[in-house]
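Notes to accompany the following structure.
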Amino acid sequence: MTTTRVPNGGGARLRRLPALVLVAGLALSTAGCLSSRGPATTGSIDPARLAAASDTDLRGASDTLARRNAADPGNAQVAMAYAQVLRRLDQRAQAVAVLQQASLRNADDKALAGAYGRALADAGRLQEAQEVLARAHSPQNPDWRVLSAQGAVADQLGDPARAQRFYQAALNLVPGEPTVLSNYGLSLALSDQLPRAEVMLRQAAAHPDADARVRQNLALVLGLQGKMDDAETVLARDLPPAAVAANLDAIRTMVAQPNSWERLRRAEDQG
């Protein structure tokens, strides 16, 4: 196995990982009240169909849902479906605006509040997201998706210890859920606990529902420990050779040049 020396404290400077070629990150789960009947009939979208939709399909769904939302801005289901499509089209500010308007008309809708909070986080409005997500469920009726999103927000706000409490609470509700385990693993990496992060991410990647992002997060943590051969094997499952090589080079750069960690930390502080 190829190994590389990892500088002390490297894990604590992972916060600017999106700057890497590797698409690793914290998952903000989609709303839990989705159906498979599509936006034209119910206002809800099947997550698998949404993930596989082409840009043309997304724009068509956006046009349809925009008309429906304009005709009935208080319809929470339509607003959530519309916002999901807008987020896929990278129109994050517009998604927030749609959900904000719907939330004003449906103050007690917990699912809508959860979607609004996740959209705020996705748009980088973390303090607002934290406040909205706190109202999106109750201790008597917790929602694991909201708990995981709260953890992701806490991590992005620089509080991994608090984030990990949210992830553990989510896992108490859905043991083995790969998106939560993946977030938890990255949070441990942010806390300089790379061996524990690897254990968590291996468990996540072994789940039948794990997606490429989960495996890429595992590869990142493997690479940061110097396990480059293992990282390459994991990356090769989803990426072409050129992308695998680029990601490995990015990880090696982070490991080999401690000053780059500091630059990434400063960039995160200013972002």
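The values are calculated or read from the model by the stated rules, or taken from the named source; none is laboratory data. Worth saying up front: this structure is predicted, and the values here are computed from it rather than measured. No Cβ is skipped: glycine too gets one built from the backbone with ideal geometry, and neighbour counts run over all protein chains shown.
Annotation note: of Leu133, Leu171, Leu147, the sole residue that is touching a His at 6+ places or on another chain (Cβ under 9 Å), over 24 Å from Met254 (Cβ atoms) and either surrounded by 17 or more Cβ atoms within 10 Å (Cβ to Cβ) or without any contact (Cβ under 8 Å) to a residue 60 or more places away in the chain (or both) is Leu147.
When you scan the stretch 152-168, how many residues do you find that are touching a residue at least 60 places away in the same chain (Cβ under 8 Å) and touching a helix residue (DSSP H, G or I) at 6+ places or on another chain (Cβ under 7 Å)? The qualifying residues number 3. Is it true that Ala250 is of a type in the set (A, V, I, L, M, F, W, C), part of a loop (DSSP other than H, G, I, E, B), over 22 Å from Gly158 (Cβ atoms) and out of contact with any strand residue (DSSP E or B) (no Cβ under 7 Å at 6 or more places or on another chain)? So Ala250 does not fit the description; no.
Here is a yes/no grid of residues against (1) modelled with pLDDT of 90 or more; (2) within 21 Å of Ala113 (Cβ to Cβ):
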{"site": "Ala136", "(1), (2)": "yes, yes"}
{"site": "Gln140", "(1), (2)": "no, yes"}
{"site": "Ser148", "(1), (2)": "yes, yes"}
{"site": "Gly151", "(1), (2)": "yes, yes"}
{"site": "Asp159", "(1), (2)": "yes, no"}
{"site": "Phe166", "(1), (2)": "yes, yes"}
{"site": "Leu181", "(1), (2)": "yes, no"}
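Can you find a residue that is free of Cβ contacts under 8 Å to residues at least 60 places away in the same chain, farther than 24 Å from Gln156 by Cα and not assigned by TED's automatic domain parsing to the domain that holds Gly158 anywhere in the stretch 109-122? Scanning the stretch 109-122, I find at least one residue that is free of Cβ contacts under 8 Å to residues at least 60 places away in the same chain, farther than 24 Å from Gln156 by Cα and not assigned by TED's automatic domain parsing to the domain that holds Gly158, so the answer is yes. Of the residues examined, Gly74 is one that is over 18 Å from the mean Cα position of the chain (by Cα), exposed (fewer than 15 other Cβ atoms within 10 Å of the Cβ), part of a loop (DSSP other than H, G, I, E, B) and not polar (S, T, N, Q).
Is it the case, given these coordinates, that Ala119 is under 24 Å from Asn183 (Cα atoms) and touching a Lys or Arg at 6+ places or on another chain (Cβ under 7 Å)? Yes, satisfied. Consider Gln203 carefully, then state whether it is in a helix (DSSP H, G or I) and within 27 Å of Gln130 (Cα to Cα). Against the criterion (in a helix (DSSP H, G or I) and within 27 Å of Gln130 (Cα to Cα)), Gln203 does not qualify. Here Arg213 fulfils each of the conditions (1) outside any helix (DSSP H, G or I); (2) modelled with pLDDT under 90 apart from (1). Taking residues in the stretch 192-207 that are in the same structural domain as Val221 (by TED's automatic domain parsing), and partners anywhere that are polar (S, T, N, Q), the pairs with Cβ atoms closer than 7 Å and at least 6 places apart or on different chains are Leu194/Gln225; Glu198/Gln225; Leu201/Ser182; Leu201/Asn217; Ala204/Ser182.
Applying the set (1) under 20 Å from Ala210 (Cβ atoms); (2) touching a Lys or Arg at 6+ places or on another chain (Cβ under 7 Å) to Trp144 leaves exactly one unmet item: (2).
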